[in-house]
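Reviewing the structure listed below.
The values are calculated or read from the model by the stated rules, or taken from the named source; none is laboratory data. Computed from a prediction, not measured in an experiment: that's the story for all the values here. So basically every Cβ, Gly included, is an ideal-geometry build from the backbone, and we count neighbours across all protein chains shown. Just so you know, the surface numbers come from the protein's heavy atoms only, side chains and all, with ligands and any DNA or RNA stripped out. Shrake-Rupley method; radii C 1.70, N 1.55, O 1.52, S 1.80 Å.
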Amino acid sequence: MRAWQVSTHGEPGDVLRAAEIPTPEPGPGQVLVRVRAAALNFPDVLMCRGQYQVQPPLPYTPGVELCGEVVGTGARVVGTPVLPTGALAEYAVMESDSAYPAPESLDDAEASGFLLAYQTGWFGLHRRAKLQPGETLLVHAAAGGVGSAAVQLGKAAGATVIAVTGGAAKAEAARALGADVVVDRLERNFVAAVKEATDGRGADVVYDPVGGDAYQGSIKCVAFEGRIVVVGFAGGTIPAPPLNHALVKNYSILGLHWGLYRTKDPEAVAACHRELTRLADAGTIRTLIGARLPFDDAPAGLTRLAAGENLGRLVVVP
């Protein structure tokens, strides 16, 4: 089969190589899936660099999220493949209990980017931050893959959503997603915008997949008894938060590693998928697709993702 392979660590555009490799064989409790679409994710970039907390042995095929068709049954599923047989190939192997039914309302590209971003958003906003109707939610990188899901889920939960983006096109995308207030950080300081929008109170919940300056600004505009959900560090800088500041302002810093739920509480993941599918089928949420890329453009897509140049999800269609 055709597949992209990583044999040494570095930037995706430098280390990805197209190859013909044997079609993988599923083991006990696994299924072979024909990949119909593969969504690109920031962990793919970090794995290529050798910087992710889970690092498959070299060589491996990257790609942590897909929509595919189970060989033998034809069932259309979404989920994460079992590395080193990642999604950037014609076929991948998945654990049977982690291959979830694809929402019928979403096409292959939309479904491929459905699981990780929306599961992360759901667990972050509801399980960790316990977002309530009427609260104010601040979402960083609101037009990216993870942020765009959080904007939609925040609106579905009845929150007032303040979206922070970088650039006019991304700001327009955040408005189209339903954000109540959109702040282009290239044009305006988001801290001042949040305080203005909340009459000085601040945001009850902050959803931060960026880190760095986004986090440092967030602690200046989080509300009394607010909650900051740390989702990732796409900005490249991991903050070292001053805990005395959290004490003085009385806010919470909440970590979110969604992958732990798959081993610690798998039924919660399955229940979340059923609820998210219901929301998708009702038209309440829908994956924002920035580009559908041919197989040969996978390295360029990961390079765009690494640079933060993506709008919504970038999806490779083999």
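Among the residues examined, Arg262 does not qualify as on the phi < 0 side of the Ramachandran plot, without any contact (Cβ under 8 Å) to a residue 24 or more places away in the chain and not hydrophobic (A, V, I, L, M, F, W, C).
If a residue has to be outside any strand (DSSP E or B) and buried (at least 18 other Cβ atoms within 10 Å of the Cβ) to count, how many in the stretch 157-170 make the cut? Of the residues in that region, 4 qualify.
The C-beta contact set for the stretch 54-68 (first residue within 17 Å of Met1 (Cα to Cα), second residue basic (Lys, Arg), distance under 8 angstrom, 6+ apart or interchain) comprises Leu66/Arg36; Gly68/Arg34; Gly68/Arg36; Gly68/Arg76. When the stretch 1-34 is filtered for residues that are touching a residue at least 60 places away in the same chain (Cβ under 8 Å) and either touching a Gly at 6+ places or on another chain (Cβ under 9 Å) or part of a helix (DSSP H, G or I) (or both), the ones remaining, listed by number, are Ala3, Trp4, Pro12, Gly13, Val31, Leu32, Val33. From the list Leu254, Leu260, Leu305, Leu314, the lone residue that is assigned to a strand (DSSP E or B) and either at pLDDT below 95 or within 24 Å of Pro12 (Cβ to Cβ) (or both) is Leu314. Within the set Val194, Val161, Val229, the sole residue that is in contact with a Leu (Cβ under 7 Å, 6 or more places away or on another chain), in contact (Cβ under 8 Å) with a residue 40 or more places away in the chain, within 18 Å of Leu125 (Cα to Cα) and not polar (S, T, N, Q) turns out to be Val229. Only a single criterion out of (1) part of a loop (DSSP other than H, G, I, E, B); (2) open to solvent by less than 40 Å² (accessible area, probe 1.4 Å) is not satisfied by Arg286, namely (2).
Among the residues here, Ala246 qualifies as modelled with pLDDT under 95, over 30 Å from Ser96 (Cβ atoms) and part of a helix (DSSP H, G or I).
Matching residues to (1) surrounded by 21 or more Cβ atoms within 10 Å (Cβ to Cβ); (2) more than 18 Å from the chain's Cα centre (by Cα); (3) more than 21 Å from Ser105 (Cα to Cα):
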{"position": "Lys264", "(1), (2), (3)": "no, yes, yes"}
{"position": "Arg292", "(1), (2), (3)": "no, no, no"}
{"position": "Ala298", "(1), (2), (3)": "yes, no, yes"}
{"position": "Arg313", "(1), (2), (3)": "yes, no, no"}
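Taking the stretch 198-243, which residues are of a type in the set (A, V, I, L, M), in a helix (DSSP H, G or I) and under 22 Å from the mean Cα position of the chain (by Cα)?
Here is the first cut: in the stretch 198-243, the residues of a type in the set (A, V, I, L, M) are 203, 205-206, 210, 214, 219, 222-223, 228-231, 234, 238, 240, 243.
Narrowing further to those that are in a helix (DSSP H, G or I): 214, 243.
Ala214, the sole residue that qualifies.
Applying the criterion of being of a type in the set (D, E, K, R) and under 19 Å from Asp265 (Cα atoms) to the residues of the stretch 92-114, the residue that is surrounded by the most Cβ atoms within 10 Å (Cβ to Cβ) is Glu95.
When each of Ala143, Ala89, Ala117 is tested for being open to solvent by less than 10 Å² (accessible area, probe 1.4 Å) and within 21 Å of Pro266 (Cβ to Cβ), the lone residue that passes is Ala117. Against the criterion of being closer than 30 Å to Glu267 by Cβ, surrounded by 24 or more Cβ atoms within 10 Å (Cβ to Cβ) and in contact with a Phe, Trp or Tyr (Cβ under 8 Å, 6 or more places away or on another chain), Leu138 does not qualify. Applying the condition of being within 22 Å of Gly202 (Cα to Cα) and of a type in the set (S, T, N, Q) to the stretch 222-262 and asking which residue is least open to solvent (accessible area, probe 1.4 Å) yields Ser252.
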